Structures are given as C-alpha cells and as structure tokens.
Amino acid sequence: MEFLGLSALDLARMQFSFTIGVHILFPAFTIGLASYLAVLELLWLVTGRDVFIQLFKYWIKIFAVIFAMGVVSGIVMSYEFGTNWAVFADKTGPILGPLLAYEVMSAFFLEAGFLGIMLFGLDRVGKKLHFAATSMVAIGTFFSAFWITSANSWMQTPVGYSINDVGQFVPEDWLQIVFNPSFPYRMLHMLLAAYLTTAFVVGAVGAWHLLRDKSNGGARMMFSMAMWMAAVVAPVQIMVGDAHGLNTLEHQPAKIAAMEGHFETHKGAPLILFGIPDMEAEKTRYAIEVPKLGSIILTHSLDGELKGLKEFPKEDRPNALVLFWAFRVMVALGTAMALVGLVSLWLRWRGKLYDTRLFHWAALAMGPAGFIAVIAGWTVTEVGRQPFTVYGLLRTVDSISPVEAPAIATTLATFAVVYFSVFGFGVFYVLRMMAKPPADQQPPIDIRPTIAVDSLIAATSGKGNSNV
C-alpha cells in the first residue's frame, strides 16, 4: 500500500533521515563544546584569569540546553529500529546491539554520572574535582562518538562477521568489527567536524558581540580562541577528508563515482566542478570540468583510473544527483572555513583581529556553516551506501518492517510537528542566551530553574542512551 505515491520504504527512509538529521546537529555541537568547556576551565586553573571562568559560566548554560535536546532527539531513533526497521535490527543485532550497549555503558553513564557536578558543583566542590567532572563529560562525548561511529562504519565496511543459519550477522572478531577499515577515517573526520562546528558557533557569537562592543573582554577571548581553532583544524580536516576519500575509493568505489559525477570509467579522469548528474541518461549534463584533476585528487596520479557508475549494476547505484551536490556543499564550506582561519591569522598578525568589522560580519555569517557541512557530509555517507543498509550484503528494501505506508506517514507528520515545535523553541531559547553579552562578572552559576535542567531531567529519567 502506498500513501500519496510513496511506498512504506520511501516513508520509512524519509522518517529516519529527518529524525537523525535533526539529532546529529546537537552532538555535533556538544562534542566540541564539552571539550571547549574543559579547555576554558583548565586555562582558568592554570592562569587564574577571570575571563576564562566567566566564559565557562556563559557557555555551560548553553551546553545544558543543547545536551538535553540531543538526548531527547535521540530517543525516537531507538524506537524506529523496532517499528520501521525490525528486519535490519534482527539481522544486525548480534553486532550492532553490543556496540550500542558499549556506548551506553562507557559514554552515557560517564556523561550522566558527572554532568550534575559539572552543572551545579562549581561552588560546591573543589576546583580540581570540578575540572575532573568537566573532563569526564568531555571524554564521555568522545566515547559516545567512538562507538556510534564504529557501528556506522561497520555498516559501511563490514568485516569480522559470519552469517548464521537464520541470516543474522554474528561476530567472529570484535577487534576487526570495532576497528573496521573505514572507522579511523570516519572517527577523525567526525571529531574534527564537531570541533569546527563548535568553533564557528563560538566565533559567530564572539563576532556578534564585538560588532556591538569591541572592548568586551569575553567576546574578544572567545573570538580569538575560535579563530585559532579554525586556522589550525580546518586545514587538517581537508587533509583527513582527502585520506577518507582514498579509503572510500578502495571500499566503496560506486559512492566515489556518484560523488564525482562520473558515469564512464576514465584514466586521467577530469574533476567535474559543476553539473547535473542524470541517472536515467547515465551522464552528467552541463559539466564544467578540469582535465586530469579528478585522478590527481583521488589516485594521486595523472593517469589514475576511476571507475564510472556504468561499471555497477543499475540496482546497486547510489543517487548521483544527491551525492554530487551534497559533496560539493561540504567541500565548499570546508574551504570557506579554512579561508576564514587563514584571514584571521593575517588580521591577527596585523593587530586588527578585533577591529575589522567586515571580517566580524563574515564570521557571523559562517556561524551555521559547521551544521550545514555536517548534514551534507552525513548525506554523502548515508545516501552513498544505498541501496544497502549493510554495504553489499543487506539491501534497504529487505531491512524494513511489515508496516503500512499510511501508518509511517502519520508518525512522520507527527514527528515533524513535534520536532519543529519543541526543538524550534529550544534553538530560539539558545539564540536568546547567545545574544546576551558575556559579563565581566557573573553570579555563581545556578541554572536549576531554567528549562535546560527541566528538559534534561525529563530526557534522562526514562532513557539510557547517549546524545550522539
């Protein structure tokens, strides 16, 4: 049965894409923000400068709200595995189940165990103990990213398994499963993306307050730290992305062909800058190309061979149009981030980092860039795996539960209304918090009456899962 011309499979994919697309924005921020808070507190302990603890108090309130929304948005996906993707859950459960359990035990419990001390303990426990709690929360976000990325990477490059009599994937070598061939690249790429996302949000907030008062010490410090992060991490991310691309070419060549818009196999392949891939005609229309550059980037050779999509059966090809443009959005934003970092170094050297209003406007405009790049990168990763849930082994069409399309459409519409209402208000609240300048002196932190803690208590009272 279809609903408005959409099958149950189409609607189930749309529902999961929507819910995880919203969810991933929150951990992309909290992973980096938790580390930023730990750095601020460490600098305060080492230097004794009041500006660092004031910035810590400023950003910890925002962290609490974002963390709560991350936990809440993650709850829904657990249920979707049972309602819409029961066959997938059954077949991959012996492998993905333990990986997700490890994430709960090593990450969520660590975060939850020390979060209360981090939020409320600054004036109630010793400085070193409080810093230890903040560090544990930051480490917890790292472990959460570790296990979730490992699980997702195994679905992309499955190894270390066998298939039992009932068609389930069962573990043979846990080290191979956890540290599968694409995991190191995906893990580092995701962590750097989270740090850049946080850096550009912090930089945008700092820029906003510098535009209003360039003498604000807290705004100057957060802007300076954000620009250092952009200058150092963005070029590293580009290099990691290159290595990740080479790994993907080895293990998922069809994904690379779709990303590059190549339908024909080439030796000395051009780099297609822009075009419109046409899956039916099997060609990229209106292509603007740079000769040989595609092979140079992907094979590091002038005459390196790149397989085209025609080398793969039609039923095994990912959607080239989506991949082609999502990849270019990600690369364009990554390049823009590196450029912002480079310009900041030049302005810093000239002593004009805090006085160049045009650059502050540019940094403000780049505030959402990390989130957009994360969504684009996630789209490349997940759409590029299609038409499989476990690459090359389990098709998406064979992973879905026997659920009728109208039922999925109803829940999708409900999720859309609830998500835009709840998280829309949450984001509005966070923006209101960011709009307030960091004060020179602030009273001891007490965010218990705010919606941050109310949401956090509601989120964690019935949930043992992470915000990643």
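Any residue in region 374-385 that is surrounded by fewer than 18 Cβ atoms within 10 Å (Cβ to Cβ) and of a type in the set (Lys, Arg)? No, region 374-385 has no match at all.
The rows are residues; the columns are (1) under 28 Å from residue 193 (Cβ atoms); (2) within 22 Å of the chain's Cα centre (by Cα).
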position	(1), (2)
272	yes, no
275	yes, no
286	no, no
306	yes, no
323	yes, yes
335	yes, yes
347	yes, no
353	yes, no
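Just one of the numbered conditions (1) of a type in the set (Phe, Trp, Tyr); (2) farther than 27 Å from residue 193 by Cβ; (3) buried (at least 17 other Cβ atoms within 10 Å of the Cβ) is not true of residue 327: (2). Condition first: out of contact with any Gly (no Cβ under 6 Å at 6 or more places or on another chain), assigned to a helix (DSSP H, G or I) and crowded, with 20+ Cβ neighbours inside 10 Å. Now tell me which residues in region 359-372 satisfy that. Selection gives 359, 360, 369, 370. Does residue 353 qualify as being among the aliphatic types (A, V, I, L, M), in contact (Cβ under 8 Å) with a residue 12 or more places away in the chain and in the same structural domain as residue 318 (by TED's automatic domain parsing)? Yes; evaluated as a whole, the condition is true for this residue. In this entry, residue 75 is excluded by the filter for residues that are in the same structural domain as residue 419 (by TED's automatic domain parsing) and touching a strand residue (DSSP E or B) at 6+ places or on another chain (Cβ under 9 Å).
As for region 82-100, it holds at least one residue that is surrounded by 16 or more Cβ atoms within 10 Å (Cβ to Cβ), in contact (Cβ under 8 Å) with a residue 60 or more places away in the chain and outside any helix (DSSP H, G or I).
Checking 191, 196, 129 one by one, the residue that is under 21 Å from residue 55 (Cβ atoms) and touching a residue at least 60 places away in the same chain (Cβ under 8 Å) is 196 and no other. Checked against the criteria, residue 243 does not count as of a type in the set (A, V, I, L, M, F, W, C) and buried (at least 18 other Cβ atoms within 10 Å of the Cβ). Per the listing 16, 63, 29, the residue uniquely assigned to a helix (DSSP H, G or I), free of Cβ contacts under 8 Å to residues at least 40 places away in the same chain and within 17 Å of the chain's Cα centre (by Cα) is 63.
Please go through (1) buried (at least 18 other Cβ atoms within 10 Å of the Cβ); (2) in contact (Cβ under 8 Å) with a residue 40 or more places away in the chain; (3) within 24 Å of the chain's Cα centre (by Cα) for residue 136 and return the number of the only condition it doesn't satisfy. Every condition holds for residue 136 apart from (2). Considering each residue of region 219-236 in turn, none proves to be farther than 17 Å from residue 330 by Cα, in contact with a Ser or Thr (Cβ under 7 Å, 6 or more places away or on another chain), crowded, with 19+ Cβ neighbours inside 10 Å and not aliphatic (A, V, I, L, M). When region 288-331 is filtered for residues that are of a type in the set (Lys, Arg), under 28 Å from residue 17 (Cα atoms) and not in a helix (DSSP H, G or I), only 317 remains. Within region 207-229, residues that are over 19 Å from residue 346 (Cα atoms) and modelled with pLDDT under 95 reach partners that are of a type outside the set (Asp, Glu) and not in a helix (DSSP H, G or I) with beta carbons closer than 6 Å, at six or more positions or on different chains, in the pairs 209/216; 209/437; 216/437; 218/438.
Of note, residue 145 does not satisfy the criterion of being assigned to a helix (DSSP H, G or I), among the small types (Gly, Ala, Ser) and outside the structural domain of residue 62 (by TED's automatic domain parsing).
Checked against (1) under 30 Å from residue 225 (Cα atoms); (2) not assigned by TED's automatic domain parsing to the domain that holds residue 241, residue 104 meets all criteria but (1).
How many residues are acidic (Asp, Glu) and in a loop (DSSP other than H, G, I, E, B) if we restrict to region 236-287?
Here the count works out to 3.
Could you check how many residues of region 14-51 are buried (at least 21 other Cβ atoms within 10 Å of the Cβ) and either touching an Asp or Glu at 6+ places or on another chain (Cβ under 7 Å) or more than 30 Å from residue 219 (Cβ to Cβ) (or both)? So the count comes out to 3. Close contacts from region 406-422, counting a first residue that is polar (S, T, N, Q) and a second that is surrounded by 11 or more Cβ atoms within 10 Å (Cβ to Cβ), with Cβ to Cβ under 7 Å and a gap of 6+ residues or different chains, come to 411/15.
A residue that is among the small types (Gly, Ala, Ser) and surrounded by fewer than 17 Cβ atoms within 10 Å (Cβ to Cβ) occurs somewhere in region 351-358.
Every test in (1) touching a strand residue (DSSP E or B) at 6+ places or on another chain (Cβ under 9 Å); (2) closer than 30 Å to residue 427 by Cβ is passed by residue 283 save one, and that test is (2).
The values are calculated or read from the model by the stated rules, or taken from the named source; none is laboratory data. The structure presented is a predicted model; accordingly, all values stated were derived computationally and were not measured. Quick reminder, even Gly has a Cβ in these numbers, built from the backbone with ideal geometry, and neighbours come from all protein chains shown.
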